[in-house]
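One structure is given here, and the rest of the page talks about it.
The values are calculated or read from the model by the stated rules, or taken from the named source; none is laboratory data. Owing to the predicted nature of the structure, the values given are computational and were not obtained by experimental measurement. Cβ placement follows ideal geometry from the backbone for every residue including glycine, while neighbour counts extend to all protein chains displayed.
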Amino acid sequence: MKITENITGARQMFKKFLILSAVMAIISTAAVDAQEVKVIKRLTDRNPTLMYKDITGNPELAKLIQSDLKYCGWFDLVDSGAEYFITGAAAGNQVQMVLANGNGTTLFTVNSPITQNLRTAAHKAVDAILKKKFSIAGICSTRIAFAGETQPGKKEIFTCDFDGQNILQLTNSSSLSVEPDWIPKRDAIVYTLYMKRFTDIVELDVPSRRSRSLAQFPGLNSGAAISPNGNVMALILSRDNQVELYIKSFAGREFQRLTNDISVEASPCWSPAGDKICYVSDKSGRPSLYVIDSRGGASVRLPTVGTEAVSPSWSADNKIAYSAKSGGYTIAVLDLSGKEPGKTVVNAAGDWESPSWAPDSRHVVCARKLGGNSSLYVIDTWTGKARQLLGGKMNIVLPSWSGIK
């Protein structure tokens, strides 16, 4: 799809190679087919069953906690025969929850604050349960940023809670605001702003909506990904009419070119330690994944499934989710630790694009394009379950899952 009539040669080069991290999507308000999604999975993994016995003292909070327990993806809620039970009580500014096993033996008690925003209170309460039970940071207090088309040819940045609720529109550019990426440990994002004659990387503080340009070099500025320590960003520039991978100081203008060839690069993401960057390049003749040291040096091509591999996302436990072309596009996972085969694949109609890991290193959010519609899905890479997060009212693409602040 055409971005603009007046576009630089570098943008034309990039447009040709936008592949699945592209900023375009077709607009439709039709509902997405609620077809079962199957995932190749580890057969020994399943969720423990949980019976929610209610939390007294605050019916609204109790309902929100039950919903979070359902959607967090770490328990299967049942009405009887559960392996675990949750009971509790809300009083004053605190909710106390008790997790017991099937025979009624208390395993642990969690106390969590009740804030004025009951959704926030419920998220924190369930995250406290998850941390105590599974030793994970949580998932309920996270948010997901995405690009949604507000009118033909125009996209804005939105966010929602992990369960698809509490949707907020963050930008109003009347242009193309796309490719959001969360800044670690902050309630802020960076995104690519496509205007008629330029592209910029923009930082946006979510609470205040204040924004500033971080990269506005001549030519293309796109695909920014912030390092885990928040000090550096990887991005794609075309300063000399070649679309290449760079790193740049987050606060200043210092930058370093990491690639230098006639191929086109796209979609960088950082390793958990911040010492490596995975990105897409077509130097093998087709879009493939490569890893390079963040200080520079030779790149290494990763073994992937399908004829193309694009849109990588690097998890906290060293797995890379990506979109693999095998007829259509599917979601696959490469375990860099070598503990598991790298073949977690969605088997369902449509194109599955732009995965982004949750901080629990288990769930990914991605865009599913089917029948002219694009919606967001959350895939559990352990159990094979998937659920539609958002879709129907507008086409949604390029999701980014926040970390835990």
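With respect to Glu60, determine if the residue is touching a helix residue (DSSP H, G or I) at 6+ places or on another chain (Cβ under 9 Å), among the acidic types (Asp, Glu) and either at pLDDT 50 or above or surrounded by 13 or more Cβ atoms within 10 Å (Cβ to Cβ) (or both). Walk me through how you get there before you give the answer.
Numbers: touching a helix residue (DSSP H, G or I) at 6+ places or on another chain (Cβ under 9 Å): yes; among the acidic types (Asp, Glu): yes; either at pLDDT 50 or above or surrounded by 13 or more Cβ atoms within 10 Å (Cβ to Cβ) (or both): yes.
When the stated conditions are applied, Glu60 passes them.
For the range 92-108, which positions are within 20 Å of Gly81 (Cα to Cα) and β-branched (Val, Ile, Thr)?
Once the filter is applied, which keeps residues that are within 20 Å of Gly81 (Cα to Cα) and β-branched (Val, Ile, Thr), the range 92-108 yields Val98, Thr105, Thr106.
Could you please find all residues in the range 375-396 being over 14 Å from the mean Cα position of the chain (by Cα), closer than 17 Å to Gln169 by Cβ and buried (at least 18 other Cβ atoms within 10 Å of the Cβ)?
Gly391, Met394, Asn395 - these are the residues of the range 375-396 that are over 14 Å from the mean Cα position of the chain (by Cα), closer than 17 Å to Gln169 by Cβ and buried (at least 18 other Cβ atoms within 10 Å of the Cβ).
Would you be able to say whether some residue in the range 198-206 is at pLDDT below 95, assigned by TED's automatic domain parsing to the domain that holds Pro355 and of a type outside the set (Val, Ile, Thr)?
Taking every residue of the range 198-206 in turn, at least one turns out to be at pLDDT below 95, assigned by TED's automatic domain parsing to the domain that holds Pro355 and of a type outside the set (Val, Ile, Thr).
Based on this model, can you work out whether Gly104 counts as assigned to a loop (DSSP other than H, G, I, E, B), within 25 Å of Asn58 (Cα to Cα) and outside the structural domain of Arg210 (by TED's automatic domain parsing)? Don't jump to the end; show me each part of the working.
Values: assigned to a loop (DSSP other than H, G, I, E, B): yes; within 25 Å of Asn58 (Cα to Cα): yes; outside the structural domain of Arg210 (by TED's automatic domain parsing): yes.
Considered against the rule, which asks whether it is assigned to a loop (DSSP other than H, G, I, E, B), within 25 Å of Asn58 (Cα to Cα) and outside the structural domain of Arg210 (by TED's automatic domain parsing), Gly104 comes out as yes.
Quick check on this structure: which one of Ser281, Ser227, Ser271 is of a type in the set (Ser, Thr, Tyr), at pLDDT 95 or above, under 25 Å from the mean Cα position of the chain (by Cα) and crowded, with 24+ Cβ neighbours inside 10 Å? Don't jump to the end; show me each part of the working.
Values: Ser227 fails: crowded, with 24+ Cβ neighbours inside 10 Å; Ser271 fails: crowded, with 24+ Cβ neighbours inside 10 Å.
Answer to the selection: Ser281.
Can you tell me which condition Arg368 does not meet? The list is (1) surrounded by fewer than 24 Cβ atoms within 10 Å (Cβ to Cβ); (2) closer than 22 Å to Gln169 by Cβ; (3) among the charged types (D, E, K, R), and all the others hold.
(1)
Residue check: is Gly148 on the phi > 0 side of the Ramachandran plot, surrounded by 17 or more Cβ atoms within 10 Å (Cβ to Cβ), in contact (Cβ under 8 Å) with a residue 40 or more places away in the chain and not acidic (Asp, Glu)? I'd like the intermediate steps shown before the answer.
Working: on the phi > 0 side of the Ramachandran plot: no; surrounded by 17 or more Cβ atoms within 10 Å (Cβ to Cβ): yes; in contact (Cβ under 8 Å) with a residue 40 or more places away in the chain: yes; not acidic (Asp, Glu): yes.
Taking the combined requirement at face value, the residue does not satisfy it.
Please go through the range 47-82 and pick out each residue that is within 26 Å of the chain's Cα centre (by Cα), in a helix (DSSP H, G or I) and touching a residue at least 24 places away in the same chain (Cβ under 8 Å).
Answer for the range 47-82, where residues must be within 26 Å of the chain's Cα centre (by Cα), in a helix (DSSP H, G or I) and touching a residue at least 24 places away in the same chain (Cβ under 8 Å): Leu64, Ile65, Ser67, Asp68, Leu69, Tyr71.
Of a type outside the set (A, V, I, L, M, F, W, C), assigned to a strand (DSSP E or B) and touching a Pro at 6+ places or on another chain (Cβ under 8 Å) - does that describe any residue in the range 364-387?
Looking only at the range 364-387, we keep the residues that are of a type outside the set (A, V, I, L, M, F, W, C), and these are 368-369, 371-375, 377, 380-381, 383-385, 387.
Next cut, assigned to a strand (DSSP E or B) only: 368-369, 373-375, 377, 380, 387.
With the extra rule that they be touching a Pro at 6+ places or on another chain (Cβ under 8 Å), the set shrinks to none.
Within the range 364-387, none of the residues are of a type outside the set (A, V, I, L, M, F, W, C), assigned to a strand (DSSP E or B) and touching a Pro at 6+ places or on another chain (Cβ under 8 Å).
Got a number for residues in the range 212-231 being over 15 Å from Trp182 (Cβ atoms) and in a strand (DSSP E or B)?
Result for the range 212-231: 5.
With modelled with pLDDT under 95, over 23 Å from Lys385 (Cβ atoms) and either loosely packed, with under 15 Cβ neighbours inside 10 Å or in contact with a Gly (Cβ under 6 Å, 6 or more places away or on another chain) (or both) as the only criterion, which of Ser80, Ser174 stands out?
Working: Ser80 fails: over 23 Å from Lys385 (Cβ atoms).
After applying the criteria, what remains is Ser174.
Could you identify the single residue in Arg239, Arg210, Arg186 that is of a type in the set (D, E, K, R), under 30 Å from Asp127 (Cα atoms) and surrounded by 15 or more Cβ atoms within 10 Å (Cβ to Cβ)? Outline the logic, then answer.
Values: Arg239 fails: under 30 Å from Asp127 (Cα atoms); Arg210 fails: surrounded by 15 or more Cβ atoms within 10 Å (Cβ to Cβ).
Answer to the selection: Arg186.
Take the residues in the range 369-405 that are touching a Leu at 6+ places or on another chain (Cβ under 8 Å) and aliphatic (A, V, I, L, M), then tell me which one is farthest from Cys140 (Cα to Cα).
Narrowing the range 369-405 to residues touching a Leu at 6+ places or on another chain (Cβ under 8 Å): 375-378, 388-391, 396, 399.
After this cut, where a residue has to be aliphatic (A, V, I, L, M) as well, the list is 376, 378, 389-390, 396.
Details: Leu376: 17, Val378: 13, Leu389: 14, Leu390: 16, Ile396: 21 Å.
My answer is Ile396.
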